[in-house]
Amino acid sequence: GQLSPQLATTVAISISTISLILAFCLNIPFGLIALIYLGVNLAYSQILKHIVIIDVMIVALGFVLRALAGGYLIGVEISAWLIVCTILLALLLAFGKRRHELVLLEDRAPSHRRTLDEYDPYLLDQMISIVTASTVVAYALYTMAPEVETKLQTSHLNLTIPFVLYGIFRYLYLVHRKEQGGNPTKMLLTDWPLLVNVGLWLLALVLILYL
């Protein structure tokens, strides 16, 4: 209540306009993706966040758009594996967040987010199971894809699969047993087993790619 709707709207439009101008100055494809990202977020805020399942898919799409924007900005070839792995992992995190909200808020969940009235823990668990399996399979196929082996000049990338498995299993443990799925970023930065696992995964990548 400390800011008027008129002031908030004016500032939002000004910041968005300046950001888009700067985005196009950096790179035309980057600017186009930023424009799409803005449009998607506006549609999500007004309509799409109220449509069950679509709400989660739009959140995951946002992660994909950010990954694509970064790739175009630094001039890196966009791989289909990047899109597939990013959207699956984002769906896993988003469904985990929805489950956390539903379990935590119980009867108050629909008043917090309208679509939560359309979900239940069993349905979300089924979706999480499907996305979890798909994420692991997609990453495994990526590490063993012939074009990836040729590009990276190594056939040992599949040695990193155990770290990905543990990371996902640890995440599911925290969601289902510790009810910590509400903030994946905080979870990653505060859970020591996850931090160590990510560090070992990065170390394994460095050893495989450069040594």
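Mind checking which residues of segment 183-195 are in a helix (DSSP H, G or I) and either open to solvent by less than 80 Å² (accessible area, probe 1.4 Å) or in contact with a strand residue (DSSP E or B) (Cβ under 6 Å, 6 or more places away or on another chain) (or both)?
Within segment 183-195, the subset in a helix (DSSP H, G or I) is 184-190, 192-195.
Passing the criteria: 184, 187, 188, 193, 194, 195.
I'm trying to understand the selection: among the residues of segment 104-159, which are without any contact (Cβ under 8 Å) to a residue 40 or more places away in the chain, outside any helix (DSSP H, G or I) and either surrounded by fewer than 13 Cβ atoms within 10 Å (Cβ to Cβ) or of a type in the set (D, E, K, R) (or both)?
120, 153 - these are the residues of segment 104-159 that are without any contact (Cβ under 8 Å) to a residue 40 or more places away in the chain, outside any helix (DSSP H, G or I) and either surrounded by fewer than 13 Cβ atoms within 10 Å (Cβ to Cβ) or of a type in the set (D, E, K, R) (or both).
Could you say whether any residue in segment 50-61 is more than 30 Å from residue 120 (Cβ to Cβ), in a helix (DSSP H, G or I) and touching a Leu at 6+ places or on another chain (Cβ under 8 Å)?
Applying the first criterion (more than 30 Å from residue 120 (Cβ to Cβ)) to segment 50-61 yields none.
Checked against the condition, which is being more than 30 Å from residue 120 (Cβ to Cβ), in a helix (DSSP H, G or I) and touching a Leu at 6+ places or on another chain (Cβ under 8 Å), segment 50-61 yields no hits at all.
Consider residue 8 carefully, then state whether it is over 22 Å from residue 95 (Cα atoms) and either touching a residue at least 60 places away in the same chain (Cβ under 8 Å) or out of contact with any Gly (no Cβ under 9 Å at 6 or more places or on another chain) (or both).
Details: over 22 Å from residue 95 (Cα atoms): yes; either touching a residue at least 60 places away in the same chain (Cβ under 8 Å) or out of contact with any Gly (no Cβ under 9 Å at 6 or more places or on another chain) (or both): yes.
So residue 8 passes the test.
Of everything in segment 168-182, what is assigned to a loop (DSSP other than H, G, I, E, B) and surrounded by 13 or more Cβ atoms within 10 Å (Cβ to Cβ)? Give them in sequence order.
Residues satisfying the conditions are 180, 181, 182.
Just name the residue that is surrounded by the fewest Cβ atoms within 10 Å (Cβ to Cβ) out of those in segment 60-103 that are under 20 Å from residue 136 (Cα atoms) and β-branched (Val, Ile, Thr).
83
Of a type in the set (Gly, Ala, Ser) and not in a helix (DSSP H, G or I): is that true of residue 199 in this structure?
Numbers: of a type in the set (Gly, Ala, Ser): yes; not in a helix (DSSP H, G or I): no.
No; evaluated as a whole, the condition is false for this residue.
Just one of 143, 154, 132 is out of contact with any Phe, Trp or Tyr (no Cβ under 7 Å at 6 or more places or on another chain), more than 20 Å from residue 204 (Cβ to Cβ) and of a type in the set (Val, Ile, Thr); which is it? Steps first, answer last, please.
On the way: 143 fails: more than 20 Å from residue 204 (Cβ to Cβ); 154 fails: more than 20 Å from residue 204 (Cβ to Cβ).
Unique residue meeting the criteria: 132.
Please go through segment 12-28 and give me each residue that is open to solvent by less than 50 Å² (accessible area, probe 1.4 Å), within 12 Å of residue 73 (Cβ to Cβ) and in a helix (DSSP H, G or I), ordered by number.
If the condition is that a residue be open to solvent by less than 50 Å² (accessible area, probe 1.4 Å), within 12 Å of residue 73 (Cβ to Cβ) and in a helix (DSSP H, G or I), then 23 is the only one that fits.
The values are calculated or read from the model by the stated rules, or taken from the named source; none is laboratory data. Please read these numbers as outputs of a predicted model, since none were measured by experiment. Neighbour counts run over all protein chains shown; Cβ positions are idealised from the backbone, glycine included. Note: areas computed on protein heavy atoms with side chains; ligands, DNA, RNA excluded. Shrake-Rupley method; radii C 1.70, N 1.55, O 1.52, S 1.80 Å.
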